[in-house]
Amino acid sequence: MKRSLYMIIAALFAFSSCGVYSFSGTSIAPDVTSISVARIENRAMRVNPALSNQLTESLKEKYRKLTKLSIEDMNADLEVEGEITNYEITSMAVTANEVASMNRLTITVKIRFTNKKYPKEDFDRSFAEFEDYSSSTSLDAVEARLVDAITEKLTESIFNATVANW
């Protein structure tokens, strides 16, 4: 029993001391110490005025909470920049009377990620997330809640792609 416990403790120390893996799911090399998150500009045809700032700050907060990276304005080891390319409402489930019973709000963000120390990890990719809502409800009534949920999903996807290598 004691031997098993010692082996488990030794394994935990081995994984945590290598500096590459952490219990938050990130895989950041030990020599990467900083990240910059540029303001995510809103280039979509339909604009939610709060979305750009909300997404930018959500990303910064995610990196602040789950990594040891310092948040820099520029000249960081890692750089995240991008733009909101789509903010779209589409009809989903159509009833027998050819009326939509559900609508979907989809937000698409194009992200450019640069790793100055390990350029093979650079990418330029789009991320899209959505939330559905009843067509009997106006978008104005649910938009803030939907945007919050979509922003959380986008932040998680971007975080995972940049520092968790998922």
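I need the full set of residues from segment 63-87 which are over 12 Å from V163 (Cα atoms) and of a type outside the set (D, E, K, R), in order please. Across segment 63-87, the qualifying residues are S70, I71, M74, N75, A76, G82, I84, T85, N86, Y87.
Taking every residue in segment 153-165 that is touching a residue at least 60 places away in the same chain (Cβ under 8 Å) and pairing it with any residue that is in a helix (DSSP H, G or I), at least 6 positions away or on another chain, the pairs with Cβ-Cβ distances below 6 Å are T155/S58; T155/L59; T155/K62; F159/K62. Can you spot a residue in segment 80-88 that is surrounded by 14 or more Cβ atoms within 10 Å (Cβ to Cβ), polar (S, T, N, Q) and part of a strand (DSSP E or B)? Yes: one or more hits.
For segment 116-166, a residue qualifies if it is farther than 21 Å from N53 by Cβ and small (G, A, S), and the qualifying residues are S134, S135, S136, S138, A141, A161, A164. Pairs linking a residue in segment 37-61 that is assigned to a helix (DSSP H, G or I) to a residue that is among the charged types (D, E, K, R), with Cβ atoms under 6 Å and 6 or more positions apart or on different chains, are T56/R39. Checking each residue in segment 143-166 for being touching a strand residue (DSSP E or B) at 6+ places or on another chain (Cβ under 6 Å) and hydrophobic (A, V, I, L, M, F, W, C) picks out L146, A149, I150, L154, I158. For segment 62-72, taking the residues that are in contact (Cβ under 8 Å) with a residue 40 or more places away in the chain and in a helix (DSSP H, G or I), the one that is surrounded by the fewest Cβ atoms within 10 Å (Cβ to Cβ) is identified as L66.
Only one of the numbered conditions (1) at pLDDT 95 or above; (2) within 18 Å of V47 (Cβ to Cβ) is not met by L139, and that is (1). For segment 108-131, state whether one or more residues are modelled with pLDDT under 95 and touching a Lys or Arg at 6+ places or on another chain (Cβ under 6 Å). There is no residue in segment 108-131 that is modelled with pLDDT under 95 and touching a Lys or Arg at 6+ places or on another chain (Cβ under 6 Å). The set of residues in segment 129-159 being more than 16 Å from N103 (Cα to Cα) and either surrounded by fewer than 13 Cβ atoms within 10 Å (Cβ to Cβ) or not aromatic (F, W, Y) (or both) consists of D148, T151, E152, K153, L154, T155, E156, S157, I158.
Applying the criterion of being at pLDDT 75 or above and among the β-branched types (V, I, T) to the residues of segment 1-55, the residue that is surrounded by the fewest Cβ atoms within 10 Å (Cβ to Cβ) is V47.
Within segment 106-121, track down each residue that is of a type in the set (K, R), in contact (Cβ under 8 Å) with a residue 12 or more places away in the chain and not in a strand (DSSP E or B).
Listed by number, the residues that qualify are K116, K117.
The values are calculated or read from the model by the stated rules, or taken from the named source; none is laboratory data. A quick note: this is a predicted structure, and the numbers were derived from the prediction, not measured. All Cβ positions, glycine included, derive from the backbone under ideal geometry; neighbour counts span all protein chains shown.
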